[in-house]
1. Of everything in region A:36-65, what is within 14 Å of chain B (Cβ to nearest Cβ), in a helix (DSSP H, G or I), surrounded by fewer than 21 Cβ atoms within 10 Å (Cβ to Cβ) and not aliphatic (A, V, I, L, M)? Give them in sequence order.
2. For region A:146-164, which positions are among the basic types (Lys, Arg) and crowded, with 24+ Cβ neighbours inside 10 Å?
3. Give the residue, chosen from B:Gly169, B:Gly215, B:Gly183, that is closer than 21 Å to A:Pro226 by Cβ and among the small types (Gly, Ala, Ser).
4. May I ask you to verify whether B:Ala251 is outside any loop (DSSP other than H, G, I, E, B), touching a helix residue (DSSP H, G or I) at 6+ places or on another chain (Cβ under 7 Å) and buried (at least 20 other Cβ atoms within 10 Å of the Cβ)?
5. When you go through A:Thr154, A:Thr135 one by one, which is the residue that is of a type in the set (S, T, N, Q), more than 24 Å from A:Thr77 (Cβ to Cβ) and away from every other protein chain (no Cβ under 12 Å)?
6. Which residues, taken from region B:100-131, are among the aromatic types (Phe, Trp, Tyr), in a helix (DSSP H, G or I) and either at the interface with chain A (Cβ under 8 Å from one of its Cβ atoms) or under 20 Å from A:Tyr19 (Cβ atoms) (or both)?
7. How many residues does region B:121-142 contain that are touching a residue at least 12 places away in the same chain (Cβ under 8 Å) and not polar (S, T, N, Q)?
Amino acid sequence: MARNVLPGFRLGLGYTLLYLSLIVLLPLAALVFKSAELSAAQFWDIATGERALASLRVTFGSALIAALINAAFGLLTAWVLVRYTFPGKRFVDALVDLPFALPTAVAGITLATLYAGNGWIGRHLEPLGFKVAFTPVGIVVALTFISLPFVVRTLQPVIEDIEPEIEEAAAVLGASRWQTFRLVLLPAILPALITGFTLAFSRAIGEYGSVIFIAGNMPFISEITPLLIVAKLEQYDIVGATALAVVMLVISFALLLAVNALQWRMANRHSAAGARR
Amino acid sequence: MSSPRPSIAEPRWVRFTLTAVALVFLGFFLALPLVAVFVEALAAGIPAYLDALADPEARSAIWLTVLVALIALPLNVAFGVAAAWAIARFEFRGKSALITLIDLPFAVSPVVAGLVFVLLFGSQGLFGAWLSAHDIRIIFAVPGIVLATLFVTFPFVARELIPLMQAQGREEEEAAVSLGASGWQMLWRVTLPNIKWGLLYGVILANARAMGEFGAVSVVSGHIRGETNTLPLHVEILYNEYNQVGAFAAASVLALLALVTLIAKTIVEWRMRRETAMLEASLSPEGGAASPAA
């Protein structure tokens, strides 16, 4: 079978490249093209302006915290869903994908209502001195919601694939359950955990819809970069919006490449399983 | 062989505590918001809820949302099948770069996705002067909303189909062709029946995103009531006008869509798992690895 007898390669690839160029590449090229109207110095001034830097700090800071929360609770959730049985488990498993299915605007107004001073949750937090809605904490809540499935869904198949023999060997050799987890299981699932974390982080950085309702959107305090792009656009500062969008695009692309590299390594490590340490 | 395996199970109290903590976390972050949408929507009673949905602006927003999905999904399905066919059935240079580029829209912020179309077709955009000279509106009109939706839902179908078709291998299609089937006969009678569940899965996910997209659509829509307002944008407008019941009534339609999506997705996952199990049972243990190497 040296030759591939199947038809349609030129048509399939040609259509793919044409459609990819029209819908994705050409529009993204317009972004780069437009930003070329700026000199490097002008670009730098916009990207490092006080309000832009503050928005980047808010965006990356809250995305990082949300992704860390999801790394911890996502690991716990994936573990519980794979290893334990409890009533309603299939329902809970299906519910994990809710943030993928629920439109972000719906998530935004609902979380804002829940965590506002008179909301179901905010009502109990505010007397304790915790304000969530309309503060940076609200941004973390929204980002935690929308990026919740990534870590769980990346870890579940990896935990399912762990051979019980490895854990049994550790136990026979005298390891406590916690030692087994820390020294045997955690190293095995760490690449997947990092991949899920990066996916969640990368999704959270670009998020707009769910955040704007709960953030309060105060410049320098709770204004995220995507909102600042929209604000500039509404003031017809198209060049300013473009410069910030280029910054976001470069960061997203770097994260996408990082995820691809991680997944490639995971796939390779999978075939050489057990070779670690 | 059935030696007892207590050694790799956590103590009962640990299992109980971990399960409880996970469920409390999911309860606060997932179940409570879902319940809250419907409670808020019905807060003023069922008549007020139905009135909010009967509002002409809500109706036209629902219709526009459905229309945009009906245009965007078939285009992305055609692309997904073509891309998966080229990538899963043929070897060519730059394949992994192509796969990365297909994933790109997932990594781009929705706001940036909307902005790029404003830069192309907006009044100050690259084609802006030409478009206004020919009296064609794309931005602040339905074509812009469709383009933004196409962008954000771009990878869904292709991403689902590429690994599926790679796993299935090309023997069946080669058999069809060598028995004299034309390319289109092979596509309709062999390829599509084999990938129907994966295709449906991709469509379900793409549809949820298409109907629910907010950021990208918000940038290109212009929020013209009754004309370029999709349902998520309608939710935003009502919410910002402090029309809590109206906003949550519209939101509840989208939340119902999310529930239908989750149910459909779970059913399709179940079907796919069953078919994979059947496929694996029909192959010899090492059969899957023996793809015809050139």
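1. If the condition is that a residue be within 14 Å of chain B (Cβ to nearest Cβ), in a helix (DSSP H, G or I), surrounded by fewer than 21 Cβ atoms within 10 Å (Cβ to Cβ) and not aliphatic (A, V, I, L, M), then A:Phe60 is the only one that fits.
2. Going residue by residue through region A:146-164, those that are among the basic types (Lys, Arg) are A:153.
Those that are among the basic types (Lys, Arg) and crowded, with 24+ Cβ neighbours inside 10 Å: none in region A:146-164.
3. Details: B:Gly169 fails: closer than 21 Å to A:Pro226 by Cβ; B:Gly183 fails: closer than 21 Å to A:Pro226 by Cβ.
None of the others qualify; the one that does is B:Gly215.
4. Numbers: outside any loop (DSSP other than H, G, I, E, B): yes; touching a helix residue (DSSP H, G or I) at 6+ places or on another chain (Cβ under 7 Å): yes; buried (at least 20 other Cβ atoms within 10 Å of the Cβ): yes.
Answer is yes for this residue.
5. Values: A:Thr154 fails: more than 24 Å from A:Thr77 (Cβ to Cβ).
Going through A:Thr154, A:Thr135 in turn, the sole match is A:Thr135.
6. Looking only at region B:100-131, we keep the residues that are among the aromatic types (Phe, Trp, Tyr), and these are B:106, B:117, B:121, B:127, B:130.
When the remaining residues are screened for being in a helix (DSSP H, G or I), the result is B:106, B:117, B:121, B:130.
Scanning region B:100-131 gives B:Phe106, B:Phe117, B:Phe121.
7. Looking only at region B:121-142, we keep the residues that are touching a residue at least 12 places away in the same chain (Cβ under 8 Å), and these are B:121-123, B:125, B:138-142.
Keeping just the survivors that are not polar (S, T, N, Q) gives B:121-122, B:125, B:138-142.
So the answer is 8.
Let's see how each residue does on (1) assigned to a helix (DSSP H, G or I); (2) facing chain A (nearest Cβ under 10 Å):
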| residue | (1), (2) |
| --- | --- |
| B:Asp135 | no, no |
| B:Leu147 | yes, yes |
| B:Phe151 | yes, yes |
| B:Arg159 | yes, no |
| B:Ala167 | yes, no |
| B:Gly198 | yes, no |
| B:Ser218 | yes, yes |
| B:His223 | no, no |
| B:Val235 | yes, yes |
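None of the figures in this text is laboratory data; all of them are computed from the coordinates on show. Predicted model only: the values in this text are computed from it and were never measured. With ideal geometry, Cβ positions are generated from the backbone for all residues, glycine too; neighbour counts draw on all protein chains shown.
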